[in-house]
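The block underneath contains the structure these notes are about, expressed in structure tokens.
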Amino acid sequence: MNSAAEVVWADLEHICENLPEMQRMSGKRLLITGGAGFLGHYLVQAPLYWNELNPQSAPIRVVIWDNFMRGVPGWLARLENDSNIAIRKYDITERLPDDMGAFDFIIHGASIASPTFYRRHPIATMDANITGLRNLLDYSVTQLRSGAPIEGFLFYSTSEIYGDPSPENLPTPETYRGNVSCTGPRACYDESKRYGETLVVNFAREYGLPLRTARPFNNYGPGLKITDRRALPDFARNVLAGEDIVLLSDGLPTRTFCYVADAIVGYYKVMLAGRDAEAYNIGVAAPEISIRELAERVVRLAEGLFGYDGKLVCQPSEDKDYLTDNPNRRCPAIEKAKQELGYDPSVDLDEGLRRSLIWYSENREAEDS
């Protein structure tokens, strides 16, 4: 794989090969809110690619709602002529449109997920995770009562709901209740996701709805805009500009990093095969490495790919709240998803980083906000 197109093709192959459950959506209508975002990149393209692989089956019809506050990405604009996709500018925090029709599956991914941007837009972040979610849950109840119940609903929560886990809760299981500030600079995101999970559990129990929750752990890869302000896009921007990689910390906090193609398989498995009212960690359990080591790996890979000759520089951020409530370690226990869903991430970190850098080399420009 030496081009962005080859990377995307290989990733879509990987997703569809590992998702026999996708057959359940054949001939059905799928709504993805926040479909223009990072995870939307493959959430949207995977069912469309499945349609191409399975011309004998009724196609999956994909509907995208997004407020496009960070612009319309090029990959999504290029899909507008596909007869099995409909793209609509819509703010999920507003009253649902009267002409939305019936959906069989819903993925609620509309949320600001980058710390830089959710701290800049805290109210909008909370509104998407609470008001937007409540709108969709009320809709699901209406569909149930009308005799056209939804078949699957996925709510995107976050690993941030765990906060900074105690040592005995690392790797962190779904049963851990969290160590989270409700008033800190990250609380708009963390606490709205926690409340969102409470909504999902109680709607599932009270109405018998097929509602499930995914807790992502540090996904990366194609679709994550180079302007996102998270670690890997920042590193890629430095590399492609021929600049030193700058860490605005000592780089010692540790994480595991899950390549997006593996993560997307997990998310669809949660929606299509998960248990109602249950949450599943989706990520990888190893290797757990420091942000500094992640940057060092990027440097080594970029040397081979692009002849990069920059170095790693650590300096403090001018933002006094930059690291406030930032967990020292983040590592998921994924046994539940493995045992119940057959989730088995297989793209190793260096290969995922290599694919990401190739993709970024052809996607150097992106809308900022």
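The values are calculated or read from the model by the stated rules, or taken from the named source; none is laboratory data. Here the structure is a predicted model, which means the values were calculated and not measured. Because the Cβ atoms are built from the backbone with ideal geometry, glycine has one as well, and the counts that use them run over all protein chains shown. SASA here: full protein model, heavy atoms, side chains in, ligands and nucleic acids out. Shrake-Rupley method; radii C 1.70, N 1.55, O 1.52, S 1.80 Å.
Across the stretch 103-114, rounded Karplus estimates of 3J(HN,Hα) from the backbone phi angles (6.51 cos²θ - 1.76 cosθ + 1.60, θ = phi - 60°) give 10, 8, 9, 9, 10, 9, x, 6, 5, 7, 10, 7 Hz, Gly and Pro being marked x. In this simple spin-label approximation, Q315 and E52 carry label points 7 Å from Cα along the Cα→Cβ vector, and these lie 4.4 nm apart. Legend: residues S83, S26, sorted from most to least accessible area (1.4 Å probe; ligands, DNA and RNA excluded), read S83, S26.
Using mean Cβ contacts within 10 Å as the protection proxy, how do 59-66, 142-149, 267-274 order, highest first? List each step's numbers first, then the result.
Values: 59-66: 22.8, 142-149: 12.0, 267-274: 24.9.
So the order, starting with the most tightly packed, is 267-274, 59-66, 142-149.
For the chain, the antiparallel share of DSSP beta bridges with both residues in that region comes to about 5%.
Only helical DSSP H runs with n ≥ 4 go in: add -39500 (n - 2.57) per run for the chain, normalise by residue count and round the 222 nm mean residue ellipticity to 500 deg cm²/dmol.
Working: 12 runs with 139 residues, N = 369.
When only DSSP H runs of four or more count, the value is -11500 deg cm²/dmol.
I'm a student and want to see the number: the projected area of the Cα convex hull of the stretch 172-331, averaged over all directions, in nm².
On the way: hull surface 42.3 nm².
It is 10.6 nm².
A convex hull fitted around the alpha carbon atoms of the chain yields 126 Å³ per residue.
Near the amide H of I282, within less than 5 Å, lie the amide hydrogens of R215, F217, all on another chain or at least 5 residues away, with H placed in the peptide plane. In order along the stretch 15-20, the phi-based Karplus estimate (6.51 cos²θ - 1.76 cosθ + 1.60, θ = phi - 60°) of 3J(HN,Hα) comes to 4, 5, 5, 9, 10, x Hz; Gly and Pro are listed as x. Under 19 Å from a label point set 7 Å out along the Cα-to-Cβ vector of A286, the amide N atoms of the stretch 167-209 belong to 168-173.
For the stretch 1-83, the gyration tensor built on C-alpha atoms gives an oblate shape. Its axis ratio a/c (a ≥ b ≥ c) is at least 1.5, and a/b is not larger than b/c. Rounded to the nearest 10 degrees, the inclination of helix 40-53 to the longest alpha-carbon principal axis of the chain is 60 degrees. Heavy-atom accessible area per residue, the chain, 1.4 Å probe: how many Å²? So the chain comes to 42 Å² accessible per residue, rounded to a whole number.
Based on the convex hull around the alpha carbon atoms, the stretch 45-144 presents an average projected area of 7.5 nm². Only protein atoms count toward the accessible area here, which uses a 1.4 Å probe; on the chain, the carbon and sulfur part of that area reaches 47 percent.
Rounded to the nearest 10 square angstrom, K338 shows an accessible area of 100 square angstrom against a 1.4 Å probe. Computed from the Kirkwood radius of its Cα pairs, the Stokes-Einstein diffusion coefficient for the stretch 119-203 at 25 °C and 0.890 mPa s stands at 172 µm²/s. With respect to the chain, whose longest principal axis is taken over its alpha-carbon atoms, helix 349-361 is tilted by about 90°.
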